[in-house]
Amino acid sequence: MNIVCFEIENWESGTLQEACCGVKECNMVKTPLSLDNIDHYASAEIISCFIYSDLSRSILEKIPNLKLIATRSTGTDHIDLEYCNSMGIAVANVPSYGEHTVAEHVFALLLGLSRHISQATHRTREGDFSFAGLQGFDLFGKTIGIIGTGAIGRHVAQIAKAFGMSVLAYDIDPRTNADLSYVDLKELLSQSDVISLHIPDTSQTRNMLSEKEFSFMKDGVVIINTARGSVIDVKALFGALKSGKVGAAGLDVLPEEPVIREEAELLRESFSQQHDLETLLTDYVLLHQKNVIVTPHSAFYTKEAVAKILQVTAQNIVAFMAGKPQNIVNTSQIDKRKVMQ
Ligand code: NAD
């Protein structure tokens, strides 16, 4: 089968080839799949990507023999699933690869903010060892509100408890055995000193924190988002930071994130038609706020988690080729006869 893996670093290439042992025609490409390079890969039957490839209908239509998309992520919101379902293209994901990895990053962001780590580091590098303006706050005794208590949210709760924090939880599907205090969203928003988001990007979760929700929160609340950029209305967040309602924010994800990665995109003629210019500009302004830490969607990015992602992706590809597909997210929607042709 013709297999192309996009968004692959050199060191990943060897690991993936090795894990896919036996799959000789595996083509490793450093760049994301896009309109610019699709013509080179139109004969692909299996593709593997991370989340910055363009997997919209207009691109997928140009790969007529495509049978499997093996995404190296848990989320599939970057893939046009409706089109895949209609064409019998199977989509395999990595269902879990390091819930503790992302949960640890939540606390990297939170401690970074509570102890002004980046300002302090910058200061000592300049030879200034004064601590004026660096007074932080304890996590001990504070309340953290966790929105979404799936794999990652539950690990965040565990770590928070070890810090001596009280934990409030909100989930559309509360787990009764999770040893968590579930409350409704409004109560969580009004009682929490720190709010951390762990929900997927769906039509229901888009802009879940917007102007109204910020108005319910305590003054000076800290917001941590490692979920997806779309779950917070960034313009409302910016307003809340300006007014002091939000004291600080740690963001691993931003809306329009793929575009921010490519600053050159700003220069493209079609730019304003394709993207929300106001949201993008707000992203840029947020990046430069003192009380905001932004990381480049790197919460998942540890040695251990990446190794697991590559291993499971390789297994997904090998299993699919052996006629025993695994980790397929759209099994019930696709026409299985088409998939295995
Ligand atoms: P999960 O599926 O295990 O948990 C998601 C939880 O959200 C579930 O408990 C679900 O019931 C709940 N939920 C869904 N819709 C909801 C709604 N409308 N209201 C309230 N709760 C709702 O997912 P996970 O593995 O814990 O991942 C959580 C998020 O983290 C996902 O968005 C994922 O894309 C993101 N993520 C980010 C990174 C990163 O590097 N930043 C890495 C992995 C995952």
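A few points about this structure:
- Scanning segment 27-73 for residues that are assigned to a strand (DSSP E or B), away from the ligand (no atom under 16 Å from the Cβ) and crowded, with 18+ Cβ neighbours inside 10 Å returns Met28, Ile46, Ile47, Ser48, Leu68, Ile69, Ala70.
- If you go through segment 133-173 and keep only what is farther than 23 Å from Arg228 by Cα and of a type in the set (S, T, N, Q), you end up with Gln135, Ser166.
- Candidates are the residues of segment 283-305 that are closer than 22 Å to Leu16 by Cβ and more than 11 Å from the ligand (Cβ to nearest atom); the one that is surrounded by the fewest Cβ atoms within 10 Å (Cβ to Cβ) is Lys303.
- The lone exception for Ile328 - which of (1) among the β-branched types (Val, Ile, Thr); (2) closer than 30 Å to Gly112 by Cβ; (3) touching a residue at least 60 places away in the same chain (Cβ under 8 Å) it fails: (2)
- Long-range neighbours under 9 Å by Cβ, at least six apart or interchain, first residue assigned by TED's automatic domain parsing to the domain that holds Gly150 within segment 226-242, second within 16 Å of the ligand (Cβ to nearest atom) and aromatic (Phe, Trp, Tyr): Thr226/Phe300
- Flag for Ala108 being away from the ligand (no atom under 14 Å from the Cβ) and either among the small types (Gly, Ala, Ser) or not in a helix (DSSP H, G or I) (or both): no
- Selected residue [under 28 Å from Gly244 (Cβ atoms), hydrophobic (A, V, I, L, M, F, W, C) and either outside any helix (DSSP H, G or I) or in the same structural domain as Ile51 (by TED's automatic domain parsing) (or both)] from Ala307, Ala314, Ala299: Ala299
- Pairs meeting the criteria (first residue in segment 112-130 and of a type in the set (A, V, I, L, M, F, W, C), second residue part of a helix (DSSP H, G or I), beta carbons under 8 Å, at least 6 apart or on different chains) are Ile117/Leu111; Phe129/Arg123.
- Just one of the numbered conditions (1) more than 24 Å from Asn2 (Cβ to Cβ); (2) crowded, with 18+ Cβ neighbours inside 10 Å is not true of Ile89: (1).
- In segment 79-87 there is at least one residue matching the filter, namely being outside the structural domain of Thr149 (by TED's automatic domain parsing), more than 9 Å from the ligand (Cβ to nearest atom) and part of a strand (DSSP E or B).
- Per the listing Phe131, Phe163, Phe137, the residue uniquely in contact with a Ser or Thr (Cβ under 9 Å, 6 or more places away or on another chain), surrounded by fewer than 23 Cβ atoms within 10 Å (Cβ to Cβ) and outside the structural domain of Ala44 (by TED's automatic domain parsing) is Phe137.
- The lone exception for Val91 - which of (1) in a helix (DSSP H, G or I); (2) within 15 Å of the ligand (Cβ to nearest atom); (3) over 30 Å from Tyr182 (Cα atoms) it fails: (1)
The values are calculated or read from the model by the stated rules, or taken from the named source; none is laboratory data. What you see is a predicted model; the values in this text were computed from it and never measured. Reconstructed Cβ throughout: ideal geometry from the backbone, glycine too, with neighbour counts over all protein chains shown.
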